[in-house]
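Here's the structure, in structure tokens; my notes come after.
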Amino acid sequence: HWQRADHWAAAATALLEARGDLVDEQQSEDLLEALVRFPPGALAQPQGRAVQLLAADLALRLGRRDAALTACRAALRLSAMPAEQAPLYRRLGKLYEQRNQRHALAYYQQAVERFAADDPELITLYKDRAWLYILRREWSAAPAALEAALPAPLDSASARADILDALASLHRQQG
């Protein structure tokens, strides 16, 4: 109702507050449909960025790559600070892994340059980038990506296991 009345900020607030309930109730499609209705410039930062970020994550979860790319790019336009841009560049890299690995690596590099050294998402980025290097058989670049992740404080044993798994795969493929 808020959207139909062109009360975009109120509509965004209602959707962002209800996102957990809507996703839990398997209404992700409906939520994504409501999120993509926001016209460009209708919301100020940070609300506009939050709406686009949620739209990107939902689109990715639902397998809508192009919608996820569009939402990531829109969120990037609303992000002025490097700390806000870093996770978006990581998402863009992830979205390009299958179709254009050079673009994916370029986005990953942009994300690395913007993440704080202690950001836990940086570890995920290093791991994803290392797997991409392994898939591309770029044997000299993969160890550097993994070694950058190993000394970092990891939140979970599974994160460390993922990194060590990638390292084992690298060594196995190199013989």
Task: Qualifying residue in segment 81-97 (condition: open to solvent by 50 Å² or more (accessible area, probe 1.4 Å), over 30 Å from A5 (Cα atoms), aromatic (F, W, Y) and part of a helix (DSSP H, G or I)) - done: no
- [ ] Scan segment 130-142 and give yes if some residue there is open to solvent by 70 Å² or more (accessible area, probe 1.4 Å), within 18 Å of E113 (Cα to Cα) and either modelled with pLDDT under 85 or under 22 Å from the mean Cα position of the chain (by Cα) (or both), otherwise no.
- [x] no
Task: Output for segment 3-21, where each listed residue is part of a helix (DSSP H, G or I) and either open to solvent by less than 40 Å² (accessible area, probe 1.4 Å) or acidic (D, E) (or both) - done: A10, A11, A12, L15, L16, E17, A18, G20, D21
Open item on the list: Criterion first (farther than 21 Å from L146 by Cβ and either touching a Cys at 6+ places or on another chain (Cβ under 9 Å) or among the aliphatic types (A, V, I, L, M) (or both)) does L88 satisfy it?
Closed with: yes
Open item on the list: Could you tell me how many of the residues in segment 64-98 are under 19 Å from D128 (Cα atoms) and free of Cβ contacts under 8 Å to residues at least 24 places away in the same chain?
Closed with: 4
Open item on the list: Exactly one condition in (1) open to solvent by 50 Å² or more (accessible area, probe 1.4 Å); (2) assigned to a helix (DSSP H, G or I); (3) not hydrophobic (A, V, I, L, M, F, W, C) is false for P40; which is it?
Closed with: (2)
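The values are calculated or read from the model by the stated rules, or taken from the named source; none is laboratory data. Since the model is a prediction, treat every value here as computed from it, not as a measurement. Positions of Cβ are backbone-derived with ideal geometry, glycine not excepted, and every protein chain shown enters the neighbour counts. Keep in mind that these areas ignore ligands, DNA and RNA; they rest on the heavy atoms of the full protein, side chains included. Shrake-Rupley method; radii C 1.70, N 1.55, O 1.52, S 1.80 Å.
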